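The structure appears right after this line, and notes come after that.
What follows draws every value from the coordinates through simple rules; no lab data is involved. Treat the numbers as computed from the prediction; the structure is a model and nothing was measured. Positions of Cβ are backbone-derived with ideal geometry, glycine not excepted, and every protein chain shown enters the neighbour counts.
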Amino acid sequence: MSRNILITGGAGFIGSHVVRLFVTKYPDYRIVNLDKLTYAGNLANLKDVEQAPNYRFERCDICDYDAVRAIFRKYDIDGVIHLAAESHVDRSIKDPFTFARTNVMGTLTLLQSAREHWNGAWDGKLFYHISTDEVYGALELTHPEGIEPPFSTTASSTEHLAYGADFFYETTKYNPHSPYSASKASSDHFVRAYHDTYGMPTLVTNCSNNYGPYQFPEKLIPLFINNIRHRKPLPVYGRGENVRDWLYVEDHARAIDVIFHRGKVAETYNIGGFNEWKNIDLVRVLVCTVDRLLGRKEGEDMDLITYVTDRPGHDMRYAIDSSKLQRELGWEPSLQFEEGIGKTVRWYLDNQAWMDNITSGEYERYYEEMYRNR
């Protein structure tokens, strides 16, 4: 069956992986990538599919109501996978208005555009909203039984699964602590409200921290890989005790595919990697992995680690329970963290030109010039 799918934020990190998967896996679908190309959007992420006959790109601000409505009409959109968002917590602390505008008003603009275009003909339609585990707040941190920090850099992932007795479930009460998570919580509520008020078919998923190729290097893993490569400081918040659950981005894209096609309307699904790691232990693994792949003595760059003042309102632990998704739709992560982090480090080291274009700002100048000359 042919479909016209709008993927917002498709030039970004997670979005580019979702676009690539849908373009290649569903040649009968028309995939429309809507992206404003802010600093985190990069069409170089999609060079391998940009000439595909079923791929279209529209440069558009999701807050531009008239432009979004026109795209719905132009392509007769029947499904939305909404990933476009401001997502960096540090930036949200400095500039909360941008996060409220993009994440709240942008989501509302898309919802209203879909509602008007579909006009109550809900059969075969779906608005799928991708959110974050940060809307749930924070969990308690306890040390795994019989294992005391600091953990070995060669510890198995099973030693990083039990930092506390509790997890985030689909029924966990929202308790956001940063402007970023507050804006995402608000957008989640709007999506659910459009189902409850208008009957629009909607879905919401909340995912844990993603990692993998094409991630913008303001985020911890690509930033630190690049810093280790150039022997620059590795600034760790507080003492690095904060715990995050890590999900390989291609596993997340597969989950989105499964949920879009087989998820139950009005449901929420949590997507996690069952890979809890303290930040400081993750950083040590990155140092050892990068050193080894660069032919250095493993661990010789540990002295790059520096401790800096903790982030305001820094949540101690996030941990997603994905058992509902596994039980009902049969999805599970394909990679253990050690394999995923190895693939990730190798990708960034093998694609240094991509990283250098980002860190120099060259990628933004290229696309601005391209669009000015159109």
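Quick look at the values:
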item: Sequence-separation-based contact order of region 264-343, relative, with Cα cut under 8 Å and 6+ spacing, percent; result: 44
item: Percent RCO, i.e. relative contact order, over the chain, from Cα pairs under 8 Å lying at least 6 residues apart; result: 18
item: Virtual spin-label span in nm between residue 343 and residue 193, 7 Å along Cα→Cβ; result: 3.9
item: Region 61-127: radius of gyration and largest Cα-Cα distance (Dmax), Å; result: 13.5, 42
item: Packing-based ranking, highest mean first, of 263-272, 170-179 given that Cβ atoms within 10 Å are counted; result: 263-272, 170-179
item: Dipole of the chain, positive direction: furthest Cα of 329, 126, 224, with charges on the beta-carbon; result: 126
item: Relative contact order (%) - region 230-374, alpha-carbon pairs under 8 angstrom, separation at least six; result: 34
item: Placed amide H near residue 168: partners under 5 Å, 5+ positions off or other chain; result: 319, 320, 321
item: log₁₀ of I(q)/I(0) at q = 0.11 Å⁻¹ - region 1-127, Debye sum with one point per alpha carbon; result: -0.36
item: Residue with peak Gaussian network fluctuation, the chain [Cα springs, cutoff 10 Å], from 221, 93, 14; result: 93
item: Estimated 222 nm signal from helices in the chain, with DSSP H stretches of n ≥ 4 weighted -39500 (n - 2.57), rounded to 500; result: -12000 deg cm²/dmol
item: Share, in percent, of DSSP beta bridges within the chain that are antiparallel, nearest 5; result: 10
item: For 276, 86, order by how many other beta-carbon atoms lie within 10 Å, fewest first; result: 86, 276
item: Test item: Cα-centred dipole of the chain, Lys/Arg +1 and Asp/Glu -1 on Cβ, debye; result: 920
item: Linear extension gain, residue 300 paired with residue 362, 0.36 nm per residue minus alpha-carbon span; result: 19.2 nm
item: Estimated inter-spin distance, residue 50 and residue 267, nm [label 7 Å along Cα→Cβ]; result: 3.8
item: Restraint check, 36/343; 36/264; 25/125; 94/278; 125/173; 94/173, Cα-Cα greater than 23 Å; result: 36/343; 36/264; 94/278; 125/173; 94/173
item: Rough spin-label spacing in nm, given labels placed 7 Å along Cα→Cβ, for residue 324 and residue 336; result: 2.9
item: Value of Rg/Rh across the chain [Cα atoms, Kirkwood radius]; result: 0.96
